[in-house]
Amino acid sequence: MPANRSRFRSTVALIATAIVAGCGVLVTAPGIAQGAPVDCASTFSLFIPGTWETDENADPSQPVGMLKPVADALSSAHGRAVEIYTLPYMASAFDNGHTYADSKADAVSRAEQLLADVANSCPGTKFTMVGYSQGADAAGDIASDIGNGKGPIDASRVLAVGLLADPGAGTKGTATVGPRTSGQGIGDPRPQGMGACPGASLDLRPG
């Protein structure tokens with residue numbers, strides 16, 4: 001565990017620079033959209049924490065857990081041009097009466113509704129999405145749906161997707177950042193692939 005955590009800390013800054021891929025265009029940094037309405041941020045950045053890092057009543061304006069350094073880096077670099085939103089959801093795994101499947105479904109449902117609401121309210125806003133562990137499981141599924149034309153927003157509005165310790169690692173269309181490991185995630189690759197959203201993955205498995 002210490003080695004994995006050290007590896008994560010030493011490379012986490014890449015999420016804010018190189019571990020991103022815009023839907024349809026591979027980029028080296030999460031570009032900031034221009035021309036959004038005055039009441040809307042140019043870019044809406046959705047962060048989905050991992051298991052036990054948040055709950056349904058958490059403050060979405062406060063980054064938490066492993067993704068906090070990423071959120072802080074984006075905020076520091078781009079200020080008010082980026083709205084950072086950390087998704088409150090169950091974040092459970094076979095505890096508090098909820099299964100992992102219940103918790104992930106809660107994250108997906110809340111995230112999809114949020115993305116659709118922001119997209120409708122702010123037609124000029126673009127999106128980035130970053131998830132860690134269970135959050136990456138949910139974010140990756142949503143990105144796959146978006147990339148295959150079945151998501152809550154159009155793929156053309158997604159600037160970047162970053163997945164850390166993704167249970168769906170190995171999904172066609174993702175690019176691994178950092179040391180490559182063999183095998184795939186415990187959740188198996190997403191059968192549809194990433195479509196027009198070639199997400200980026202940082203693999204934190206031992207090895």
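With respect to being part of a helix (DSSP H, G or I), under 17 Å from T86 (Cα atoms) and of a type outside the set (S, T, N, Q), A160 falls outside the description. Filtering the range 60-92 to residues that are part of a loop (DSSP other than H, G, I, E, B) and either among the aliphatic types (A, V, I, L, M) or in contact with a Lys or Arg (Cβ under 6 Å, 6 or more places away or on another chain) (or both) leaves V64, L87, Y89, M90, A91. Exactly one residue out of T128, T86, T176, T99 is at negative phi and without any contact (Cβ under 8 Å) to a residue 12 or more places away in the chain, and it is T99. Considering A138, A105, A116, the condition of being at pLDDT 95 or above and either touching a Lys or Arg at 6+ places or on another chain (Cβ under 8 Å) or not in a helix (DSSP H, G or I) (or both) is satisfied by A138 alone. Is it true that some residue in the range 74-86 is under 22 Å from Q192 (Cα atoms), of a type in the set (D, E, K, R) and out of contact with any Gly (no Cβ under 6 Å at 6 or more places or on another chain)? Checking the range 74-86: not a single residue is under 22 Å from Q192 (Cα atoms), of a type in the set (D, E, K, R) and out of contact with any Gly (no Cβ under 6 Å at 6 or more places or on another chain). The residue of the range 37-70 that is surrounded by the fewest Cβ atoms within 10 Å (Cβ to Cβ), among those that are acidic (D, E) and farther than 10 Å from Y89 by Cα, is D39.
The values are calculated or read from the model by the stated rules, or taken from the named source; none is laboratory data. Just so we're clear, the structure is a prediction, and the values are computed from it rather than from any experiment. A quick note on method: Cβ atoms are made from the backbone with ideal geometry, for glycine too, and the neighbour counts reach across all protein chains shown.
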